[in-house]
Amino acid sequence: MKRWNLAASSLVFLMTGMAWAGDAPVTKTQGVLTDTRGMTLYTFDKDVAGSGKSACNGECPAIWPPLRADSGAIPTGELSVITRDDGSKQWAYKGKPLYYFAKDQAAGDTLGDNVKNVWHLVRE
């Protein structure tokens, strides 16, 4: 009986961990896509929707950090997970990778909107 309880407890723990890893880290704040802390998310015009790739590599992620996904992240709804060139995972919305802007310091900041006419808020 103790073995069965231990096995059942382990299974529940594993399932809970998998569900947590797959939680979508995105919400909408006043019609704009943000992370769960309220930090604004952006898309990049040079990314091709549905390609599963990010065009923001090299020095670009220092200014436009990707919205990272855990290796166990589970896509849901319009959210998907792509693999970056460095092998890390990144969340995408409607097939477009999601990024932060390094100059946004507080929830609700939108300083990255229309930077060089290729970075945009995700409006809903």
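The values are calculated or read from the model by the stated rules, or taken from the named source; none is laboratory data. Note that the structure is a prediction, hence the values are computed from the model and not measured. Reconstructed Cβ throughout: ideal geometry from the backbone, glycine too, with neighbour counts over all protein chains shown. When the accessible area is computed, the model is the full protein with side chains, heavy atoms only, and any ligands, DNA or RNA have been set aside. Shrake-Rupley method; radii C 1.70, N 1.55, O 1.52, S 1.80 Å.
Take the Cβ-Cβ distance between LYS116 and THR83 as r, set R0 to 25 Å, and report the resulting FRET efficiency rounded to the nearest 0.05. Mind showing how you got there, number by number?
Values: r = 26 Å, r/R0 = 1.02.
Once the sixth-power term is evaluated, E becomes 0.45.
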Enumerate the whole-percent occupancy of each 5 Å bin, from 0 to the last occupied one, for all C-alpha pair distances of the range 27-93. 3, 16, 27, 28, 19, 6, 1
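Accessible area per residue of the range 20-112 at 1.4 Å probe, in Å²? Please report the intermediate quantities before stating the final value.
On the way: 4810 Å² over 93 residues.
With all protein chains present, the range 20-112 gives 52 Å² per residue.
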